[in-house]
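Notes to accompany the following structure.
The values are calculated or read from the model by the stated rules, or taken from the named source; none is laboratory data. Keep in mind it's a predicted model, so treat the numbers as computed, not measured. Cβ sites come from the backbone with ideal geometry, for glycine too, and all protein chains shown count toward neighbours.
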There are 2 protein chains.
Amino acid sequence: MCVPGCAEALHAALSRRNFFKGAGTAAAAFAATSVAPVAPAEAASRRFTKVVDLTHTMSPAFPTFFGVPGIELEKKFDIKKDGFNLNWWKIIEHAGTHLDAPIHFSENGATVEKIGADQLVVPLAVIDVAAKAAQNADYQLSQADLAAWEKRHGKLPQGCCVAMHSGWGRYVTDAAKFTGKDSAGTFHFPGFHPDAVAWLLKERRVAGLAVDTLSLDYGASKDFKAHTQWLPAGRWGIENAANLDKVPAAGATLVVGVAKVKDATGGPARLLALV
Amino acid sequence: MCVPGCAEALHAALSRRNFFKGAGTAAAAFAATSVAPVAPAEAASRRFTKVVDLTHTMSPAFPTFFGVPGIELEKKFDIKKDGFNLNWWKIIEHAGTHLDAPIHFSENGATVEKIGADQLVVPLAVIDVAAKAAQNADYQLSQADLAAWEKRHGKLPQGCCVAMHSGWGRYVTDAAKFTGKDSAGTFHFPGFHPDAVAWLLKERRVAGLAVDTLSLDYGASKDFKAHTQWLPAGRWGIENAANLDKVPAAGATLVVGVAKVKDATGGPARLLALV
């Protein structure tokens, strides 16, 4: 069922990703000590007056990590012939605006359907690193960036999602810019610095991370240490978030409308911010 | 890319569905006069303290309209070999807990990505017809059922979702019971009566309908008149909703986390009720 060019691309990706083997072992070791899901905040009343869509429209043209279409639609029924319209899709679990489940980088982590609904409606904290990323496509969101957010807005709320706003969302229609792929095949886009991830795991109780780029790790990462720390610890991640400049840095609620599929390691997610 | 048995099933379905051609013509005519999306209610502050998951877990075993698996997963990367886990999916747009977009039954209706985010976070009104449906699998939710709800809870809120709770959600692990398919191949499960749909279109401003069965129309419908009235009028539908007995009849907010896919006629939706 591979799309044209897919087999070759996957083979190339596998070859490039031998480094993953070591990371995988580390992740497996981590999984053995993985923590329970982050308890949601106390059941305080939450309030909102408007909805902001943090989701990109998915199409075969949307840039993907593997460089092959992340979705293909096949029209099986047409209204003129059949009285109704209906497509079948072929999709990569990790393409477009989507969720990474703990199992994506662990042997025994939670698959998507096991993430509780109360883990999917959480306070949203947006860390704006767009000015720094505009100067440096390899920028990694640091502990200092988190500290600056806390200085202004208070401690990161329990059970929240920490989202990196790098400004990359505006490049999704330009795959070369969005991926930043150079002549050696290395990606260049911002992500979370592994030290910031380690600090969040140790010092705060955060449910998920989100980025407006292709990966929690910055594009040039060779060891995927944001992924290999975060997901095996029972947390989720979101990639390719949109419109993070349209929501406040603090105070919004994020709804992660991820497709609920048995055994999935991730999946398309409708992200809606309640402001 | 058809799954085993699929081609035959689709062929059979097509043959059975010649009646759709007339309905399609009616739908096309309707589309020409289709109304604008229902304006959301005034931007009043909405409040909630807990989240209820109204989504069934999707798997190849989930009953579908076509009788073939609605999803298939293919594992393309494995953590032991590759350092991470990742699947590709093949799915039917209209399987599991999912949304019907206006285009599903119209020539020019909105595709999924064109439904505004403010149409996807709406007041939820649950009409309980479980006792009647338990006595009659062909039960159709009537205008009298809507009137009874309004007598108790007041007028249906502007821009709401009207959900039929028939009790069918508890049968999803038993395809024979859930579909009610008889020896002649006719389905038997509850749905919306076309007269109730017509009344809602004329007298109320409702954004969507939801059912806990396979179809907005009852299983034995021959003309799909709930679909052919509702969707071409610029409204959406939800099928296979779960846990409608776990939310109040009035007062909750429904979040429709439908995958945002270009040109889609529907798609998997994470339904979360904010109570």
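Given the options B:ASN18, B:ASN87, name the one that is modelled with pLDDT of 50 or more and either more than 21 Å from the chain's Cα centre (by Cα) or outside the structural domain of B:HIS188 (by TED's automatic domain parsing) (or both).
After applying the criteria, what remains is B:ASN87.
Return the pairs, sorted by first residue and then second, in which the second residue is in a loop (DSSP other than H, G, I, E, B) and modelled with pLDDT under 85, the first residue lies in region B:42-53 and is at the interface with chain A (Cβ under 7 Å from one of its Cβ atoms), the beta carbons are less than 8 Å apart, and the residues are 6+ apart or on different chains.
Close Cβ pairs (under 8 Å, with a partner that is in a loop (DSSP other than H, G, I, E, B) and modelled with pLDDT under 85) amount to B:THR49/A:ALA43; B:THR49/A:ALA44; B:LYS50/A:ALA43.
Just to be sure, is A:VAL172 over 23 Å from A:ILE91 (Cα atoms), within 14 Å of chain B (Cβ to nearest Cβ), of a type in the set (A, V, I, L, M, F, W, C) and surrounded by fewer than 24 Cβ atoms within 10 Å (Cβ to Cβ)?
Against the criterion (over 23 Å from A:ILE91 (Cα atoms), within 14 Å of chain B (Cβ to nearest Cβ), of a type in the set (A, V, I, L, M, F, W, C) and surrounded by fewer than 24 Cβ atoms within 10 Å (Cβ to Cβ)), A:VAL172 does not qualify.
What number of residues in region A:184-219 are surrounded by fewer than 16 Cβ atoms within 10 Å (Cβ to Cβ) and touching an Asp or Glu at 6+ places or on another chain (Cβ under 6 Å)?
0
Looking at (1) in contact with a strand residue (DSSP E or B) (Cβ under 9 Å, 6 or more places away or on another chain); (2) away from chain B (no Cβ under 14 Å); (3) of a type in the set (A, V, I, L, M, F, W, C); (4) in contact (Cβ under 8 Å) with a residue 24 or more places away in the chain, can you tell me which one A:ALA148 breaks?
(4)
Looking at region B:117-135, can you tell me whether even one residue there is assigned to a helix (DSSP H, G or I) and at the interface with chain A (Cβ under 8 Å from one of its Cβ atoms)? Reasoning before the result, please.
At the first step, the residues of region B:117-135 found to be assigned to a helix (DSSP H, G or I) are B:117-119, B:130-135.
Those still in the list that are at the interface with chain A (Cβ under 8 Å from one of its Cβ atoms) too: B:117-118.
Yes, the conditions are met somewhere in region B:117-135.
Which members of region A:80-116 meet the condition of being touching a Ser or Thr at 6+ places or on another chain (Cβ under 7 Å), part of a helix (DSSP H, G or I) and aliphatic (A, V, I, L, M)?
A:ILE103
Within region A:155-180, which residues are more than 21 Å from A:ALA131 (Cα to Cα) and of a type in the set (D, E, K, R)?
Result: A:LYS155, single match.
Can you pull out the residues in region A:63-95 that are in contact with a Pro (Cβ under 9 Å, 6 or more places away or on another chain) and within 21 Å of B:ASP82 (Cβ to Cβ)?
A:VAL68, A:PRO69, A:GLY70, A:LYS90, A:ILE91, A:ILE92, A:GLU93, A:ALA95
Restricting attention to region A:252-275, and to residues there that are of a type in the set (Val, Ile, Thr) and assigned to a loop (DSSP other than H, G, I, E, B), which single residue is nearest to the other protein chains (Cβ to nearest Cβ)?
A:THR265
Does any residue of region B:98-115 turn out to be over 17 Å from the mean Cα position of the chain (by Cα) and more than 7 Å from chain A (Cβ to nearest Cβ)?
Within region B:98-115, one or more residues are over 17 Å from the mean Cα position of the chain (by Cα) and more than 7 Å from chain A (Cβ to nearest Cβ).
Return yes or no: is B:ILE71 under 18 Å from the mean Cα position of the chain (by Cα), of a type outside the set (Phe, Trp, Tyr) and modelled with pLDDT of 50 or more?
So B:ILE71 passes the test.
Can you tell which of A:PRO60, A:PRO69 is in a loop (DSSP other than H, G, I, E, B) and either touching a Gly at 6+ places or on another chain (Cβ under 8 Å) or assigned by TED's automatic domain parsing to the domain that holds A:PHE187 (or both)?
A:PRO60 is the lone residue from the list that is in a loop (DSSP other than H, G, I, E, B) and either touching a Gly at 6+ places or on another chain (Cβ under 8 Å) or assigned by TED's automatic domain parsing to the domain that holds A:PHE187 (or both).
Can you confirm whether region B:227-246 contains a residue that is at negative phi, among the aromatic types (Phe, Trp, Tyr) and crowded, with 21+ Cβ neighbours inside 10 Å?
Yes, that holds for at least one residue.
Would you mind telling me which numbered condition in (1) touching a residue at least 60 places away in the same chain (Cβ under 8 Å); (2) on the phi > 0 side of the Ramachandran plot B:GLY180 fails?
(1)
Is it true that some residue in region A:144-160 is buried (at least 20 other Cβ atoms within 10 Å of the Cβ), over 30 Å from A:ALA44 (Cα atoms) and in contact with a Leu (Cβ under 9 Å, 6 or more places away or on another chain)?
no
What residue, among those in region A:227-251 that are within 13 Å of chain B (Cβ to nearest Cβ) and aliphatic (A, V, I, L, M), is nearest to the chain's Cα centre (by Cα)?
A:ILE238
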